[in-house]
Ligand SMILES: [Zn+2]
């Protein structure tokens, strides 16, 4: 690993730093293109489409996916109907690189489901508010919202998981909202 960083040869001798990984990925891409008679390497769109569906089902908007992947919204919409039935490998890579962020939205019922289950099991709102370090009125406000930031759901899930481990609430509800 004594070679220059940012080279695929350094990657081959074992370095996994950001620069060497990028260089190796680029070299591999070029090798695939060369192997393909100079044409950009293409792949079936299935994997990219599955990942898109996964992101969308977790509340990530097409706009957010476009911003994160650098592929236009039109381009993303076009993927299922590409004439050749193939997409560029680099397009697939860009899409697979998009992750669910805490800023994405989740439907309001998931939060309501957890809170109502806790209430049903005797966890009162003021106690939940204490655990989350927020006010009771802000939790009441939360209950009326159509959608929430993922990080809000995560915070409630953390409290819920803790209570479930104590046996105070049923753990199965976490699966219902997954
Ligand atoms: Zn390196």
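Checking residue 72 against (1) over 12 Å from residue 98 (Cα atoms); (2) surrounded by 12 or more Cβ atoms within 10 Å (Cβ to Cβ); (3) away from the ligand (no atom under 16 Å from the Cβ): exactly one of these is not met. Which one?
Going through the list (1) over 12 Å from residue 98 (Cα atoms); (2) surrounded by 12 or more Cβ atoms within 10 Å (Cβ to Cβ); (3) away from the ligand (no atom under 16 Å from the Cβ), residue 72 breaks only (2).
Going by what's in this entry, would residue 87 be described as touching a residue at least 40 places away in the same chain (Cβ under 8 Å) and in contact with a strand residue (DSSP E or B) (Cβ under 8 Å, 6 or more places away or on another chain)?
Working: touching a residue at least 40 places away in the same chain (Cβ under 8 Å): yes; in contact with a strand residue (DSSP E or B) (Cβ under 8 Å, 6 or more places away or on another chain): yes.
Spelling it out, residue 87 is indeed touching a residue at least 40 places away in the same chain (Cβ under 8 Å) and in contact with a strand residue (DSSP E or B) (Cβ under 8 Å, 6 or more places away or on another chain).
Can you tell me how many residues within the range 14-25 are in a helix (DSSP H, G or I) and either away from the ligand (no atom under 16 Å from the Cβ) or exposed (fewer than 12 other Cβ atoms within 10 Å of the Cβ) (or both)? Before the answer, list the steps.
First pass over the range 14-25, keeping only residues in a helix (DSSP H, G or I): 18-25.
Next cut, either away from the ligand (no atom under 16 Å from the Cβ) or exposed (fewer than 12 other Cβ atoms within 10 Å of the Cβ) (or both) only: 18.
Residues meeting the conditions: 1.
Yes/no matrix, rows are residues, columns are (1) more than 16 Å from the ligand (Cβ to nearest atom); (2) in contact with a helix residue (DSSP H, G or I) (Cβ under 8 Å, 6 or more places away or on another chain):
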{"residue": "12", "(1), (2)": "no, yes"}
{"residue": "27", "(1), (2)": "no, yes"}
{"residue": "34", "(1), (2)": "yes, no"}
{"residue": "42", "(1), (2)": "yes, yes"}
{"residue": "53", "(1), (2)": "yes, no"}
{"residue": "63", "(1), (2)": "yes, yes"}
{"residue": "68", "(1), (2)": "yes, no"}
{"residue": "101", "(1), (2)": "yes, yes"}
{"residue": "110", "(1), (2)": "yes, yes"}
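Read-outs: derived from the displayed coordinates by stated rules, not from any lab. Here the structure is a predicted model, which is why all the values come from computation and not from measurement. Because the Cβ atoms are built from the backbone with ideal geometry, glycine has one as well, and the counts that use them run over all protein chains shown.
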